[in-house]
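The values are calculated or read from the model by the stated rules, or taken from the named source; none is laboratory data. These numbers come from a predicted model, not from an experiment. As a convention, Cβ positions derive from the backbone with ideal geometry for all residues, glycine included, and neighbour counts pool all protein chains shown.
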Amino acid sequence: MPDDPARTSTVAFWRPDGDEPPLPEAGTRIELPLALPGGEGVTVVTVAAVALPARAALPVLTRARGVAQADATTAFWGAAALFALQLAARGLL
């Protein structure tokens, strides 16, 4: 979830099955409103989630991309985060 400055942004993790996600030490439990496809359009629902500061979410995301059971969205953001780190390491940002 964006913030200013960007380094204070957070990433929210939620479970599609409705269960509460585990709470890591750096995490905060939140209620997250989501717009999801519904029967006749979009339905807004509130789900239990965990918000992690970007610095704490980065290792979670980069590891998730290599886990077979990882949600496709989490794996995607993990790959995007790893690519951004590679660009930064090469001085291309």
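List of remarks:
- Among the residues making up the range 13-31, a single one is hydrophobic (A, V, I, L, M, F, W, C), assigned to a strand (DSSP E or B), closer than 26 Å to residue 84 by Cα and free of Cβ contacts under 8 Å to residues at least 60 places away in the same chain: 14.
- Qualifying positions in the range 54-78 - over 11 Å from the mean Cα position of the chain (by Cα), under 15 Å from residue 15 (Cβ atoms) and either assigned to a helix (DSSP H, G or I) or in contact (Cβ under 8 Å) with a residue 12 or more places away in the chain (or both): 72
- Scanning the range 38-53 for residues that are more than 20 Å from residue 1 (Cβ to Cβ), of a type in the set (Gly, Ala, Ser) and either in contact with a Ser or Thr (Cβ under 8 Å, 6 or more places away or on another chain) or not in a loop (DSSP other than H, G, I, E, B) (or both) turns up 38, 41.
- Residue 10 vs. criteria hydroxyl-bearing (Ser, Thr, Tyr), surrounded by 15 or more Cβ atoms within 10 Å (Cβ to Cβ) and at pLDDT 90 or above: yes
- Residue 88 being within 14 Å of the chain's Cα centre (by Cα) and either assigned to a helix (DSSP H, G or I) or surrounded by 11 or more Cβ atoms within 10 Å (Cβ to Cβ) (or both): no
- When each of 52, 34 is tested for being closer than 17 Å to residue 80 by Cβ and modelled with pLDDT of 90 or more, the lone residue that passes is 52.
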